[in-house]
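Undergrad: Starting off with a structure, shown below.
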Amino acid sequence: MQSLESETGAAVPAAMPENIFLVGMMGAGKTSVGRALARDLGKAFFDSDHVIEARTGVKIPIIFELEGEAGFRAREASVIDELTSMQGVVVATGGGAVLSEANRQALRARGTVVYLRASVHELWHRTKHDRNRPLLQTADPLARLTELHAQRDALYRATAHVVMDTGSQSLRTLVTRLRQRLADADAGGIAGHAAGAQPGAQEN
């Protein structure tokens, strides 16, 4: 396993605190929310895409160009397995991480999974000018985004212990609400993966 330095600068603690894994579409805010949440909770933060870029020395679109999506997904699976094996971390995953059953199982078994859910309209508004999204480099990126959302939403919901609608609220408001949801989930046994716990607990 290669040495990793978290994006918040926090050391990965030796104790056994909760791991929090963020899933959702590109543009859902996983990196921003994850970094802020990790700072609030004193946890180490990692973005799986950033780890891949740091190790390869190139941006994600270049990996797609040179190795194809299958090559990127293989790298992603290795990184997610490594990150989810750590303790006391918040991890933001790539939008397509849930396509792999092995990834879904690792995420759900090793921490509390949060699906940051946003509408296609909101996602399009946030991503339409971002050239670092290789799957949207098509003739009709909005149609592609709509297709990806339709393909992945059920996988996100099936993997998640908590579903948070991002809406138009501020980052600080969203993180505060998410912290409360996580506390409620932990008290209710979801974070501990109690027998019979249901996936995708909806936001109130």
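Undergrad: Calculate what fraction, in whole %, of the accessible area of segment 29-72 sits on carbon and sulfur atoms when a 1.4 Å probe is rolled over the protein chains. Walk me through the numbers on the way to the answer.
TA: On the way: 990 of 1910 Å².
That fraction is 52 percent.
Undergrad: More than 16 Å apart: what percent of Cα pairs in segment 42-119 qualify?
TA: Result for the distance tail: 49 percent.
Undergrad: Given the peptides 25-32, 60-67, arrange them by the average over their residues of other C-beta atoms within 10 Å, most packed first.
TA: Ranking the peptides 25-32, 60-67 by packing returns 25-32, 60-67.
The values are calculated or read from the model by the stated rules, or taken from the named source; none is laboratory data. All values derive from a computational prediction rather than experimental measurement. All Cβ positions, glycine included, derive from the backbone under ideal geometry; neighbour counts span all protein chains shown. These area figures cover heavy atoms from the full protein model, side chains too; ligands, DNA and RNA do not enter into them. Shrake-Rupley method; radii C 1.70, N 1.55, O 1.52, S 1.80 Å.
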